[in-house]
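These notes are about the structure you will find just below.
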Amino acid sequence: MCGRYSDEGTTVAELAERFDAQPKLESFAPSANIKPTHTAPVVVMESGRRELRGMQWGLIPAWAKDPKIGYKTFNARAETVAEKPAFRQAFKQQRCLVPARAFYEWLSENGRKGPYLFSLEDNELFAFAGLYDVWTTPGGDPLYSYTIITTTPNDLVERVHNRMPVMLAPQAEAVWLDAKVTDPLALRSLLAPYDASLMAVQRYDGKL
DNA sequence: CCAGACGTTGTT
DNA sequence: GTCTGG
DNA sequence: CCAGACGTTGTT
DNA sequence: GTCTGG
């Protein structure tokens with residue numbers, strides 16, 4: 001990852017202004033540009049501040065013998081994330097924000113599948129609720145990786161798909177990142193479908 | 001006890 | 001690392 | 001999803 | 001073409 005950005009209490013949306021100065025802004029959206037095993041900037045707390053760190057999509061638990069597990073851990077279900085061996089440790093201690101401006105879901109219509117683009121109505125940057133972990137490569141280097149938590153869809157997304165990524169409102173971002181918050185129920189309550197009235201959807205006809 | 005899993009979608 | 005299934 | 005395999009026997 | 005593994 002290139003730059004280091006840190007700001008105590010800064011929301012992902014507020015960080016967007018700085019990101020906009022970066023040429024890779026589009027890569028923030030887990031879309032055509034970011035796929036499992038690709039690296040993207042993720043927000044974590046370090047020394048009490050928000051920092052950006054490049055991480056590979058597909059969480060590889062620290063105990064993994066084979067990093068290929070990351071192919072199957074690009075999402076974590078909100079319903080079970082606190083218990084699953086691959087995620088529970090990260091759920092307690094390694095929560096992160098995954099900045100994005102939009103996400104895609106595919107709808108099957110008359111035999112054809114087409115992507116729909118979901119974003120905030122104001123097209124602002126937002127954060128997916130994520131978890132990360134650090135794996136040690138055979139060479140002894142740390143490999144950071146992350147997952148995006150999914151939950152049931154709101155009324156808007158439900159028309160297209162049976163799951164949706166957890167999007168955090170700005171005030172929820174701080175709670176999610178706060179290491180002092182340990183109550184599983186409090187954390188779980190953040191993993192809800194986003195307010196559909198704040199979202200927009202459009203059929204996506206561009207090239208993915 | 002030991003071996004094997006550990007996960008989610010379904011174009012993200 | 002920890003749990004589950006055999 | 002996409003990439004890659006696409007086979008058999010073996011202590012049956 | 002279809003299934004499986006990643």
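The values are calculated or read from the model by the stated rules, or taken from the named source; none is laboratory data. Since the model is a prediction, treat every value here as computed from it, not as a measurement. Because the Cβ atoms are built from the backbone with ideal geometry, glycine has one as well, and the counts that use them run over all protein chains shown.
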Quiz item: Looking at (1) touching a His at 6+ places or on another chain (Cβ under 9 Å); (2) free of Cβ contacts under 8 Å to residues at least 40 places away in the same chain, which is the one condition that is false for A:Gly140?
Solution: (1)
Exercise. Would you mind stating whether A:Ala90 is more than 11 Å from DNA strand B (Cβ to nearest atom) and among the hydrophobic types (A, V, I, L, M, F, W, C)?
Key: no
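Considering the range A:153-171 alone, what residues qualify as being touching a residue at least 12 places away in the same chain (Cβ under 8 Å), more than 9 Å from DNA strand B (Cβ to nearest atom) and either among the polar types (S, T, N, Q) or under 12 Å from A:Val201 (Cα atoms) (or both)?
A:Asn154, A:Asp155, A:Leu156, A:Val157, A:Arg159
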Quiz item: Within the range A:114-130, is even one residue farther than 24 Å from A:Arg77 by Cβ, surrounded by 18 or more Cβ atoms within 10 Å (Cβ to Cβ) and modelled with pLDDT under 90?
Solution: yes
Quiz item: Among the residues of the range A:79-96, which ones are crowded, with 17+ Cβ neighbours inside 10 Å and part of a loop (DSSP other than H, G, I, E, B)?
Solution: A:Val81, A:Ala86, A:Phe87, A:Gln94
Quiz item: In this structure, does A:Ala76 turn out to be in a helix (DSSP H, G or I) and closer than 26 Å to A:Pro170 by Cα?
Solution: no
Quiz item: If you take the residues of the range A:42-62 that are within 14 Å of DNA strand B (Cβ to nearest atom) and part of a loop (DSSP other than H, G, I, E, B), which of them is farthest from A:Thr152 (Cα to Cα)?
Solution: A:Ala62
Quiz item: Looking at the range A:63-73, which of the residues that are touching a residue at least 60 places away in the same chain (Cβ under 8 Å) and surrounded by fewer than 21 Cβ atoms within 10 Å (Cβ to Cβ) is farthest from DNA strand B (Cβ to nearest atom)?
Solution: A:Pro67
Quiz item: Taking the range A:40-65 on its own, how many of its residues are within 13 Å of the chain's Cα centre (by Cα) and within 16 Å of DNA strand E (Cβ to nearest atom)?
Solution: 4
Quiz item: Within the range A:99-113, restricting attention to residues that are over 24 Å from A:Leu52 (Cα atoms) and of a type in the set (Gly, Ala, Ser), which residue is modelled with the lowest pLDDT?
Solution: A:Gly111
Quiz item: Is there a residue in the range A:80-98 that is at pLDDT 90 or above, within 25 Å of A:Arg188 (Cα to Cα) and within 16 Å of DNA strand E (Cβ to nearest atom)?
Solution: yes
Quiz item: In the list A:Val81, A:Val98, which residue meets the criterion of being within 16 Å of DNA strand C (Cβ to nearest atom) and closer than 26 Å to A:Val157 by Cβ?
Solution: A:Val81
Exercise. Quick one: which residue in A:Gly48, A:Gly70, A:Gly9, A:Gly58 is at positive phi, out of contact with any Pro (no Cβ under 6 Å at 6 or more places or on another chain) and modelled with pLDDT of 85 or more?
Key: A:Gly48
